[in-house]
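Contents: one structure, followed by commentary.
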């Protein structure tokens, strides 16, 4: 049988190197590490954008967390409700975020490791800080891309007015990379930025 001319030979070391790098970059960009521009991983960004689309402003009524999780999972992040709820809870915990992005009502866990109540019992809405991260999103300030099934669009990054990566920190483990950035006081960050500009 003649060899297929479309097939070529490649060293296994080269293929492994190339495939590993492609996979690592996919994990890094796709889910594991925050984007330096807004300090958020895709799941955080999708939750905030989804809550904004639901009209859950800081001066509006709270909405059941289960409703929020369902909307996010159905529209933007089809990866299971527990991952979405855990992320939403973390953004509402004052012992995890210096400047909370979600205003939670109900049992959101404790610093001692007590778990939050089930999503059917808790409620949430955006904080003013989160609104600052989403401000002017409807004015072509950021690029949008299709969601997972191309039925909607979602922001590729938020137009954050605050340096969220610096003030709220970040943590993540990817393939071959990891990050653990501590939180910082916003006033001190601004003073540092002013000194840097001088």
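The values are calculated or read from the model by the stated rules, or taken from the named source; none is laboratory data. The shown structure was predicted, so the numbers you read here are calculated from the model rather than taken from an experiment. As a convention, Cβ positions derive from the backbone with ideal geometry for all residues, glycine included, and neighbour counts pool all protein chains shown.
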| task | Restricting attention to the range 125-147, report how many residues are touching a helix residue (DSSP H, G or I) at 6+ places or on another chain (Cβ under 9 Å) and within 30 Å of residue 22 (Cβ to Cβ). | result | 1
| Do the conditions hold for residue 140, that is, is it at pLDDT below 95, over 23 Å from residue 64 (Cα atoms) and either in a helix (DSSP H, G or I) or over 16 Å from the mean Cα position of the chain (by Cα) (or both)? | yes
| Is it true that residue 121 is part of a loop (DSSP other than H, G, I, E, B), in contact with a helix residue (DSSP H, G or I) (Cβ under 7 Å, 6 or more places away or on another chain) and within 16 Å of residue 62 (Cα to Cα)? | no
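Does the range 44-70 hold any residues that are surrounded by fewer than 18 Cβ atoms within 10 Å (Cβ to Cβ) and touching a helix residue (DSSP H, G or I) at 6+ places or on another chain (Cβ under 7 Å), and which are they?
So in the range 44-70, the residues surrounded by fewer than 18 Cβ atoms within 10 Å (Cβ to Cβ) come out as 53-55, 57-64, 66-67, 70.
Result: 54, 57, 58.
Any idea which residue in the range 148-165 is nearest to residue 94 (Cα to Cα), counting only those that are outside any helix (DSSP H, G or I) and in contact with a strand residue (DSSP E or B) (Cβ under 7 Å, 6 or more places away or on another chain)? Show your work before the answer.
Step one: list which residues in the range 148-165 are outside any helix (DSSP H, G or I), which gives 148-163.
This time we only want the ones that are in contact with a strand residue (DSSP E or B) (Cβ under 7 Å, 6 or more places away or on another chain), so: 153-158.
Values: 153: 31, 154: 27, 155: 26, 156: 26, 157: 24, 158: 22 Å.
Checking each candidate, the answer is 158.
Given the criteria under 26 Å from residue 181 (Cβ atoms), in contact with a strand residue (DSSP E or B) (Cβ under 9 Å, 6 or more places away or on another chain) and free of Cβ contacts under 8 Å to residues at least 12 places away in the same chain, does residue 145 qualify? Walk me through it before giving the result.
On the way: under 26 Å from residue 181 (Cβ atoms): yes; in contact with a strand residue (DSSP E or B) (Cβ under 9 Å, 6 or more places away or on another chain): yes; free of Cβ contacts under 8 Å to residues at least 12 places away in the same chain: yes.
The answer is yes for residue 145.
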| Hey, among the residues in the range 7-35 that are surrounded by 14 or more Cβ atoms within 10 Å (Cβ to Cβ) and part of a loop (DSSP other than H, G, I, E, B), which one's farthest from the chain's Cα centre (by Cα)? | 33
| Considering the range 166-198 alone, what residues qualify as being within 13 Å of residue 97 (Cα to Cα) and not in a loop (DSSP other than H, G, I, E, B)? | 166, 167, 168, 170, 171, 181, 186
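Inspect the range 70-79 for any residue being in contact with a strand residue (DSSP E or B) (Cβ under 7 Å, 6 or more places away or on another chain), at pLDDT 95 or above and more than 16 Å from residue 147 (Cα to Cα) and give the result as yes or no.
Step one: list which residues in the range 70-79 are in contact with a strand residue (DSSP E or B) (Cβ under 7 Å, 6 or more places away or on another chain), which gives 76.
Filter again for at pLDDT 95 or above, leaving 76.
Subsequent filtering for residues that are more than 16 Å from residue 147 (Cα to Cα) retains none.
No - not one qualifying residue is present in the range 70-79.
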| task | Provide a single number: the residues in the range 73-118 that are on the phi > 0 side of the Ramachandran plot and either surrounded by 12 or more Cβ atoms within 10 Å (Cβ to Cβ) or out of contact with any helix residue (DSSP H, G or I) (no Cβ under 8 Å at 6 or more places or on another chain) (or both). | result | 3
| If you go through the range 124-137 one residue at a time, how many are in a loop (DSSP other than H, G, I, E, B), more than 18 Å from residue 86 (Cα to Cα) and in contact with a strand residue (DSSP E or B) (Cβ under 9 Å, 6 or more places away or on another chain)? | 1
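Just the residues that are without any contact (Cβ under 8 Å) to a residue 24 or more places away in the chain and not in a helix (DSSP H, G or I), please, taken from the range 50-73. Even if it seems obvious, please write down each step before you answer.
Going through the range 50-73, the residues without any contact (Cβ under 8 Å) to a residue 24 or more places away in the chain turn out to be 53-55, 59, 67, 70-71, 73.
Of everything in the range 50-73, those that are without any contact (Cβ under 8 Å) to a residue 24 or more places away in the chain and not in a helix (DSSP H, G or I) turn out to be 54, 55, 59.
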| Filter result (surrounded by 12 or more Cβ atoms within 10 Å (Cβ to Cβ) and either touching a helix residue (DSSP H, G or I) at 6+ places or on another chain (Cβ under 7 Å) or under 15 Å from residue 36 (Cβ atoms) (or both)) within the range 177-192 | 177, 179, 181, 183, 184, 186, 189
